[in-house]
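The values are calculated or read from the model by the stated rules, or taken from the named source; none is laboratory data. Quick caveat, the model's predicted, so the values are computed rather than measured. Using ideal geometry, Cβ is built from the backbone for each residue, glycine included, and neighbour counts are taken over all protein chains shown. Side chains are part of the model used for accessible areas, which takes the heavy atoms of the whole protein and leaves out ligands, DNA and RNA. Shrake-Rupley method; radii C 1.70, N 1.55, O 1.52, S 1.80 Å.
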Amino acid sequence: MKRNKFLIIAIYVLFIVSFLSVSYTLGKYVSNQSVGGSFEIGDQLYFDYTRSDLYRNDQLIVGVIVNEPNSNKTYITTDNVSPGDNVRYHFYISNFDLETGKMNGYDANFLPVSTALLNMPIKGSSFDLDATIYYRVIPLDQETGEPDPNNKPSTVYSMIAKDTKLDLPEDEKVMYEFYVEVLLDEQMSNTDHNDYFGATLSIEMYFNAVSKIKNN
Amino acid sequence: MEDTKVIKSKTKKIVILNLALILLIAVQIIFLPTVARYVKQESDKIVASYTSLYMSSDGEGKVVSVEDKLGYLNLKLMNYEDSNVTQRDIEYTISRPTKFYNANGEAIADDDIETYLKTAGNQLHVLDVWNQPQVVGRDTYKYTQNIASSDGETKNGNYLFSYEKLNNSAVGKIHNLLIEFHRDRGSDFRGTEDVSIIVQLSRPYREVFIINVKISDKLIVFSNTDALVYETTFQRLYIQSADVYSYYKGSDKLREYKDRNDSSKTVKIAPRSLLVTFTWDNFYFDVNCLKDYHLPNDTLPGTYDNVSFIDISKPYVSKLDIEKKILVMYVPQGSNFYLDFLQIDKANSSTVNARVEVAVIDQSAKMDYDIYDELYAGYKYDTIVSDIKYMNLINYNKE
């Protein structure tokens, strides 16, 4: 009797300890979502996203920031694109606060992803378009966090592939310049300008950062 | 005794086992690394709207006056409609159709076109940028069209309205073209022929604009169609007049005819407005059509006519008598306007008649108005109204 009792108690203790250890481990996973260039220091992972120029057929065009309805998010609008246009949007990602210079606390990998969609309400159709992202490294002065005047960035951009992982290191300031490029399809057969009334190109971009595995 | 020993031994083993297990877990929690990852995602979006296209011309329904198979048309093309301006470059060409098609897109042999058009309901087509048949004027095949001059921008052989930003819109631009029509097919004509000018756009969209003009050896032409005005169907009478009355544009040859009173002498057409008298029956005449033109005092309540500011390029009203159903207008060169009539009694026919008089100068330099009939390559007048000869323009049948 005593033996059985002891056994039950032992199993009970084992169960409790296992439960606590698993909970403690899972509690360390953090997922967060925010928009804009804010960067907070703490025991969480952040990166800085900065919007830049918008081009149509290599000409700089105006992008207007508008508020998304029923949301505190904003997005970029522009107009007067036409079939066959090349649309290109530049942005920057860094692993430090551009205003204060404070660093993130973790090594991380970064990967941007983009999709594009042509919506034609008159024809009641939508079409997927190819959106390709390219990047280059902007060499920085580590003290100021500004682009290094003595070390110009390469003029060549590399294409982001599915297995691309860009570093956001813990102990070094880095900045990447990206651009997402969409080539609009040529005009559909047997259509005229009336078929493109109200048509829009939507480019969605997702910026994913994951901290690297480290000891606890 | 031995049982007791066995029991104690087993108990010891269980205790040791459990303690080892607990120790193992403690070591794992405190000393061994755990997999901990932070994940963050942000997103952004760009929405780009497609451009709108606004393009217009002043050529629709214009009259080209021909002499000796040659005629010229002043045509304006604009990159705007009303206050809307296209905010991208527009590239276009004026195409010269050489092949014609039926409604199914099947080519019609040159020699078969006239036979094809004799069948009621058959229309002439050209193929657009998508190889789809588009209706054109049935006499288009008789004419060769060339651009004699243009002040439009060009790029790589195409005409171009280049985009220039202006505040939140763009600069509205006009291209002035002079198009030469040469009639090189078909028998001699007396009357009015329907010809189309095909404007092919390549940017920002690929499509065609078709401008329909009338080619005539007459100084003034009339046509009518149904028109919906505030959901009411009116009979709309279109009136277009030649750009130049006194001579043939292009050749500068004067319009000269035999003197009606002395066939050994000639008279010349004067560069004066034509005098046109309209009468109607079983129609209401919409006087609002005249609001943009010069009117004699008291013609319409609240209107006035200051002779110091007459715009001689616009038609002007000499007399309007609603009760007697008579309208007398001076129609200058290059006019393009319409008059609306609303049928009163739908059980009966409704008619509109016209009489055209042209200013002629005789050899003694005396100028007078004479009826514009066959003597001047004009019209036949075989309708009598109040003992005056008219020609019938509209005979709107009863329902």
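Among all residue pairs at least 6 apart or on different chains, which show Cβ distances below 8 Å where the first residue, located in the stretch B:374-399, is part of a loop (DSSP other than H, G, I, E, B) and the second is open to solvent by 30 Å² or more (accessible area, probe 1.4 Å) and among the basic types (Lys, Arg)? Here the result reads B:ALA377/B:ARG190; B:TYR381/B:ARG355; B:TYR381/B:LYS389; B:ASP382/B:LYS389; B:LYS398/B:LYS346; B:GLU399/B:LYS346, each pair linking the stretch B:374-399 to a residue that is open to solvent by 30 Å² or more (accessible area, probe 1.4 Å) and among the basic types (Lys, Arg). Screening A:ASP148 on (1) touching a residue at least 60 places away in the same chain (Cβ under 8 Å); (2) surrounded by fewer than 14 Cβ atoms within 10 Å (Cβ to Cβ) shows it passes everything except condition (1).
Residues that are of a type in the set (A, V, I, L, M, F, W, C) and open to solvent by 60 Å² or more (accessible area, probe 1.4 Å) were ranked within the stretch B:338-370; the one that is farthest from B:LYS291 (Cα to Cα) is B:ALA365.
Conditions (1) under 25 Å from A:LEU45 (Cα atoms); (2) facing chain B (nearest Cβ under 10 Å); (3) open to solvent by 40 Å² or more (accessible area, probe 1.4 Å), marked per residue:
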{"site": "A:GLY63", "(1), (2), (3)": "no, yes, no"}
{"site": "A:PRO69", "(1), (2), (3)": "no, no, yes"}
{"site": "A:THR74", "(1), (2), (3)": "yes, yes, no"}
{"site": "A:ASN80", "(1), (2), (3)": "no, yes, no"}
{"site": "A:TYR89", "(1), (2), (3)": "no, yes, no"}
{"site": "A:PRO121", "(1), (2), (3)": "no, no, yes"}
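A count restricted to the stretch B:234-277 and to residues that are under 14 Å from B:ALA359 (Cβ atoms) and among the β-branched types (Val, Ile, Thr) stands at 4.
Reported count of residues in the stretch B:177-188, each being at pLDDT 90 or above and either open to solvent by 60 Å² or more (accessible area, probe 1.4 Å) or in contact with a helix residue (DSSP H, G or I) (Cβ under 8 Å, 6 or more places away or on another chain) (or both), is 2.
Restrict the check to the stretch B:101-122 and report whether at least one residue is within 14 Å of chain A (Cβ to nearest Cβ) and in a strand (DSSP E or B).
At the first step, the residues of the stretch B:101-122 found to be within 14 Å of chain A (Cβ to nearest Cβ) are B:105.
Remaining after also requiring in a strand (DSSP E or B): none.
Within the stretch B:101-122, none of the residues are within 14 Å of chain A (Cβ to nearest Cβ) and in a strand (DSSP E or B).
Filter the stretch B:360-373 down to the residues that are part of a loop (DSSP other than H, G, I, E, B) and in contact with an Asp or Glu (Cβ under 8 Å, 6 or more places away or on another chain), then identify the one that is farthest from B:THR225 (Cα to Cα). Only one residue tops the list, namely B:GLN363. For the stretch B:126-144, the set of residues classified as assigned to a loop (DSSP other than H, G, I, E, B) and of a type outside the set (Phe, Trp, Tyr) consists of B:ASP128, B:VAL129, B:ASN131, B:GLN132, B:GLY137, B:ARG138, B:ASP139, listed by residue number. The combined condition, being within 24 Å of A:LEU60 (Cα to Cα), in contact with a Leu (Cβ under 9 Å, 6 or more places away or on another chain), open to solvent by 50 Å² or more (accessible area, probe 1.4 Å) and not charged (D, E, K, R), is fulfilled by A:LEU183. The set of residues in the stretch A:189-216 that are closer than 24 Å to A:TYR89 by Cβ and in a loop (DSSP other than H, G, I, E, B) comprises A:GLY198, A:ALA199. Can you find a residue that is in a loop (DSSP other than H, G, I, E, B), in contact (Cβ under 8 Å) with a residue 12 or more places away in the chain and open to solvent by less than 10 Å² (accessible area, probe 1.4 Å) anywhere in the stretch B:83-91? Yes, the conditions are met somewhere in the stretch B:83-91. Listed by position, the strands (runs of 3 or more DSSP E) contained in the stretch A:44-135 that have at least 2 residues being in contact (Cβ under 8 Å) with a residue 40 or more places away in the chain and more than 14 Å from A:GLU181 (Cα to Cα) are A:48-56, A:86-94, A:108-120. Close contacts from the stretch B:110-135, counting a first residue that is in contact (Cβ under 8 Å) with a residue 60 or more places away in the chain and a second that is part of a helix (DSSP H, G or I), with Cβ to Cβ under 8 Å and a gap of 6+ residues or different chains, come to B:VAL126/B:THR140.
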